[in-house]
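Every read-out reported here was derived from the displayed coordinates using simple, explicitly stated rules and does not represent laboratory data. Being a predicted model, the structure only gives us computed values, none of them experimental. Here the Cβ is made from the backbone with ideal geometry for all residues, glycine too, and neighbour counts use every protein chain on show.
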Amino acid sequence: EADIYQTPRYLVIGTGKKITLECSQTMGHDKMYWYQQDPGMELHLIHYSYGVNSTEKGDLSSESTVSRIRTEHFPLTLESARPSHTSQYLCASSGIQGPGGNTIYFGEGSWLTVV
Amino acid sequence: AQSVTQLGSHVSVSEGALVLLRCNYSSSVPPYLFWYVQYPNQGLQLLLKYTSAATLVKGINGFEAEFKKSETSFHLTKPSAHMSDAAEYFCAVRGGSQGNLIFGKGTKLSVKP
């Protein structure tokens, strides 16, 4: 069972607000990811990190930003939320070696609604 | 570039019937393939993965998938559907230098009593 946690699980906020979605993992994984999933659609990678102080944009363009100051923590921030940001955001992580080395583990997701 | 195609956005079966969810992949290198399940209002849970060992992969909850290189397929099966199997299923391939997952569009499985 994966140990990756996301907070908040559900969030409804007004347009223009700044929000941060938290993601933490206790597995010591080097790689972490953020995926975005609109209802009924596939997941798209928006950010990833190979380790501390490493962040890259994913396949899908996103106005959000991420940081990786600690191995276990990979928060996602929206400086000014808009209704178009309404979506589910899934955090994930993977290790390099070991039985789960090629497996990506997901958190339970953060559902964001911007009104 | 790697990609996956899931045939059928919605599959409906009766309880006790065979479950077959189709996934075809495209990859220029030997692929790592995954099936994930997503229950309503939850994140993704790994069902099983293929990493070039045995071609028949057994996963959790009675699911299994067979890697067929000649058909570029990795279909997910379960001999007897249970009501609790109702969920969305995603096929994915490990892609690119980033090592991230590239997902199919998902197949929603409904199970009728």
Sparse-neighbourhood loop sites, GluC sites (Glu not before Pro) in segment A:36-86 - DSSP loop, at most 13 other Cβ within 10 angstrom: A:Glu63, A:Glu79
Estimated distance in nm for a label pair at A:Thr65 and B:Ser3, the labels positioned 7 Å out from Cα along Cα-to-Cβ: 3.4
For the protein assembly as shown: lysine pairs under 19 Å (alpha-carbon distance), excluding those fewer than 8 apart on one chain: 13
Those trypsin sites (Lys or Arg not before Pro) in segment A:16-100 that DSSP places in a loop and that have at most 16 other beta carbons within 10 Å: A:Lys17, A:Lys18
Shielding by partners, peptide B:45-55 (average Cβ within 10 angstrom, other chains): 2
Net charge of neighbours whose Cβ lies under 13 Å from the Cβ of A:Ser84, counting Lys and Arg as +1 and Asp and Glu as -1: -1
Coil-residue GluC sites (Glu not before Pro) of segment B:60-113, DSSP, other Cβ within 10 Å capped at 16: B:Glu71
Surrounding net charge for A:Gly28, when Lys and Arg each add one and Asp and Glu each subtract one, Cβ distance under 15 Å: 0
10 Å-binned pair-distance histogram of chain A (Cα, whole percent): 15, 49, 30, 6, 0
Kirkwood hydrodynamic radius of the protein assembly as shown, Cα pairs, Å: 18.1
Cα-only radius of gyration and Dmax that characterise chain B, units Å: 13.4, 45
Local electrostatic count, A:Leu60, Cβ distance below 12 Å [Lys/Arg +1, Asp/Glu -1]: -3
